[in-house]
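A short worksheet on the structure shown next.
Laboratory data are not the source of any read-out in this text; all were calculated from the coordinates shown. Note that the coordinates shown come from a computational prediction; the quantities given were computed from them, not determined experimentally. Because the Cβ atoms are built from the backbone with ideal geometry, glycine has one as well, and the counts that use them run over all protein chains shown.
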Amino acid sequence: MELGEQIKKHRNIAGLSQEALAERIYVSRQTISNWETSKNYPDINSLIRLSEVFGVSVDDLLKGDAEVIKQMVKQEDINDFTKMSRIYTILLFLMLISPVPLLKFLGLVGIGIWAVLAVVTVLVAIMVEKKKKNLNIQTFREIDAFLNGQTLDQIEAAKEEGKRPYQKILLAIGCAVIALVVAIIMGLLLK
């Protein structure tokens, strides 16, 4: 039985109208209708709310739609990873270009602001790395495949896993060179 049919069945058993169910899980009546007709699917939070309202497990609701739910979860992972990566990129950019101007214009307060920015950037970087580890994506090729909803075959995955240590070393060296160049340029511009 598909998820839409499960939702309708459990809603009828609970004696709820579409509108009453919508109010209890904080969505519109039209959203409930779309779920029941399989025009779209609830997100993970809505699934959890549905299971609580119906008094059944999420597994019971999902029987028959496992592949669709796998894709939904994967898409949520992709969205989370993309959002975290963008935040990290912005913070890293700000961290690289801001130390000299902050020092020049704000003195010790500027150093404090930069230190806070650096700590936040490092914390976000750690979160991104944990996410990458949980998703088993480390190299550029693995990340690219993941963001496009694809997976690497076993041989390609093994090759990419062998590249990981070298890529991390090159990445660290590249970041150090970029930071040095930016610091020199900012120093020259602010003289």
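Listed by chain and number, the lysines placed with their C-alpha closer than 24 angstrom to that of K159 are K74, K130, K131, K132, K133, K168; residues fewer than eight positions away on the same chain are left out.
Shown is the FRET efficiency for D144 and I173, computed with R0 = 22 Å from the Cβ-Cβ distance and rounded to the nearest 0.05: 0.50.
Quick one: which of 47-60, 161-174 comes out on top by average Cβ neighbours within 10 Å, and what's the full order, highest first?
Top to bottom by mean Cβ count within 10 Å: 47-60, 161-174.
For the chain, the 222 nm mean residue ellipticity estimated from helices alone, with every DSSP H stretch of n ≥ 4 adding -39500 (n - 2.57) and the total spread over all residues, rounds to -26500 deg cm²/dmol.
Taking the Cα centre of the chain as origin and assigning +1 to Lys and Arg Cβ atoms and -1 to Asp and Glu Cβ atoms, the resulting dipole is close to 800 debye. Straight-distance candidates among the lysines for linking to K9, with alpha-carbon spacing under 20 Å and chain neighbours fewer than 8 residues away dropped: K39, K63. Note on the chain: Rg/Rh from Cα positions, Kirkwood definition for Rh, rounded to two decimals, is 1.17.
Along its first, second and third principal axes, ordered by size, the range 117-186 spans 45, 22, 20 Å in Cα coordinates.
Summary value for the range 71-189: 30 percent relative contact order, contacts being C-alpha pairs under 8 angstrom separated by 6+ residues. Identify which of L62, L16, L117 has the largest mean-square fluctuation in a Gaussian network model of the chain, with springs joining Cα atoms closer than 10 Å. Residue with maximal mean-square fluctuation among L62, L16, L117: L16. For the chain, the longest principal axis of the alpha carbon atoms and the long axis of helix 44-54 meet at an angle near 30°.
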